[in-house]
Every structure is written in structure tokens, then in C-alpha cells.
Amino acid sequence: MPGTLTPALVSHGLAAAAFLALAGVLAAGWRGRQAGAWLIAAAVATALWGVALAAHAAWRPAALLLLAEPLRQAAWMAFLLQVLAAGSGGWRRMPLPALVAAAAVAVAGGIAAVGALPLLQAVGGAPAAARAFFGAQLASAVVLLLLVEQVWRNTRADRRWAVKYLCVALGLVAGYDVFLAANGLLVGAVDPSAWAARGAVAAIAAPLLAVAAARNPQWSLDVFVSRRMAMHTATLVGTGAYLVAMAAAGQWIRATGGSWGAVAQIAFLAGALAVLALLFVSGGARARLRVFLDKHFFSYRYDYREEWLRLTDALSGAGDQGGTPLAERVGRALAALVESPGAVVWRREGRGYEPAGAWNL
């Protein structure tokens, strides 16, 4: 029914919101270089694509697909070509405007060659028209995937840490489009569930692209990803995924447990919530998550400004009404840096060391 809240509407609405937020963050940090402008344009094009497909899911204005699909593909191709042209190898010697024009013409031409009428029928059925549509989609997705591979191949080994999130994000989006288009080309119709999931797949790529932008200041994008925000976001995402997995497992237990199914489901969910609560209050779990995020998402181990302010507050005794000894404050401050549950400060006396103070021991 038109206007009904469907998985496709929610999924593509989520993609539109994610890429609109990404475009806003990138635009706020843009410093005028061409690569940054192309990335912002690609994020905006993907946000518009999400809006168009969400509108298609709600009201079926299929004409929007005529613009949304080639616009998104051409924008990402143009950005990748800009990255390649700014790098090394044969791509550097090729004129960028010609590459961008070729990408735009190839994508727009491939989609437009299908014709307006077949496009209006592609998602709903009409096997011949659908095969033509998905053939064009497959060609453009393969080209995008090849450009991602070229970016990875033409990046020096010591610089690949800076582009790996870009390649994973766009590789995920293009790879899923290849899967979807190949399936549609074979059977002559799209799987509604696979089509609805496109938006969710694109939304997953948005935070990875934000990390990629933060790691590539040469794109002229001053993007700061807060460690605290990354920690909270990872916690929320992990909690949501855990709860969904436990709910699915609980449903399976209920369905297969016979007369004991409902009781077993409730007991299982109670245990799962207890485990989740223990993880929330576990300092060790927080420390492992922080180390994982610092290692894989940031160039530096610490947010030095925040850590320095925290250290000076601890050493000065700010907010300490109990007159805690200096040695104990030092131990507590150093323990906080590495998420240690306790600390001992040793002082040299003659040829040995004596404990000067301890915290939480």
C-alpha cells in the first residue's frame, strides 16, 4: 500500500540520513581542495539516492530512479578517479576532466540506454525490462568495484592504512550492487528483501567513509572523530546487535522447545541481559574496546588534549574534597590512562624502592 512504512522505506531513509550527516561533517571541515569537494558531492548524491529510493518505496515514483542511480554511481566514480589522478602511476598522467566525463557518460548512458518505460517496470517485474535494467546496473557496479581495486593497488603499502576504510566502504556498496544486479539479471526480477537491504548496506558504509576522510587530510577535509563519541557509538551498535541476536536466539528456543519453549526463552533472555549488564560495568571490557578502536580507527593512541586535561585535574586534586595524598592521585591518573583497576606508586630509597602510595588496592 502506498505510504506504508516498509523495510525498503526505513532502510533507504536510514541511508539518506547517514549520508546527509556525513556530507554535513565533511562540508564543515572542507578546506577548498578538489578531492574534498568530490567526496562531499558523492555523499550528497548518495543522500539524494536514499531519498529517491525511500520515496519509491512509499509512493512508487519510479522516474526518480532515472536520476538517482546514475547520479550516485557517477559521483563515486568521479571521486575515485580524483583520488587516482592525485596519486602515482599511469592514472596521474591522464587528464582528470576526461576521466570524470567518461565515468559520468558511461554510467548515465548505460542506465538511459534501457529506456524510460523499462525502468518504470523493472522493480515490479517485466522480466525483459528488468534484465536490461540490472544489466546496466551490473556494468556500472563492476566499474566502480574495479576503481576501488585500482585505488588499493596504486596506493603504497605504507599508506594503505589511510585508504583501507574507503576501499572497504565502497567495496561493500559496489559488491552488494554486483550481487543484487547479477541475481536480477539471471531471474528477470529483483528480490524485494535484497532490494530493501540496499539502504542499510549503504548506511553501514557512511561511518567508514568518515574515518577514511579523517585519515586523509590531503583531501582537504578537517574531520575530527571524537574518541568518546566513537566509544559510545560502538557501544550502542554492539548493544543493538547483541540484543537482536539474543532475541532471534530466544525465538528459536521458543519455537523448538515444545511445552518448555516459553520458559526456556524467558530464562535465556534473562541470562543474556545479565551478561550484557556485566559487560557494561566491566572495566576490562571497556579497556579492550578502547584499545580496539584506538588501534583500528585512529592515527594516534590517545586524544592527547583530553588526557592532558584529565591528568592535570587529577594531579591538582580538582574536585577532591578528601585531601587524597599526591602519590595516590598520581597512581589513579596513570591507571585511568590504561584502564587499569588499580595502581601502586614506588619511590626510590637508597638502593631500593618503597611504595609511596596506592590506589584501589
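Values quoted throughout were computed directly from the atomic coordinates according to the rules given, and no laboratory measurement underlies them. Keep in mind that what you see is a predicted model, and the values were worked out from it rather than measured. Glycine also receives a Cβ, built like all others from the backbone with ideal geometry; neighbour counts cover every protein chain displayed.
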With label points built 7 Å along Cα→Cβ from the Cα atoms of residue 252 and residue 27, find their separation and express it in nm. 4.5
For residue 288 paired with residue 235, estimate the spin-label separation in nm (one decimal), with each label point 7 Å from Cα along the Cα-to-Cβ line. 1.7
Note: residue 67 to residue 349 extended length (0.36 nm per residue) minus current alpha-carbon separation gives 93.8 nm
Among 209-215, 350-356, 140-146, what's the highest-first ranking by average C-beta atoms within 10 angstrom per residue? 209-215, 140-146, 350-356
Difference of contour (0.36 nm per residue) and Cα-Cα distance, residue 183 to residue 259: 23.2 nm
Ordering of 190-199, 38-47 by burial proxy (mean other Cβ atoms within 10 Å per residue, highest first): 38-47, 190-199
Pair residue 270, residue 337: separation of 7 Å Cα→Cβ label points (nm): 4.6
Please list 11-24, 157-170 highest first by mean number of surrounding beta-carbon atoms within 10 Å per residue. 11-24, 157-170
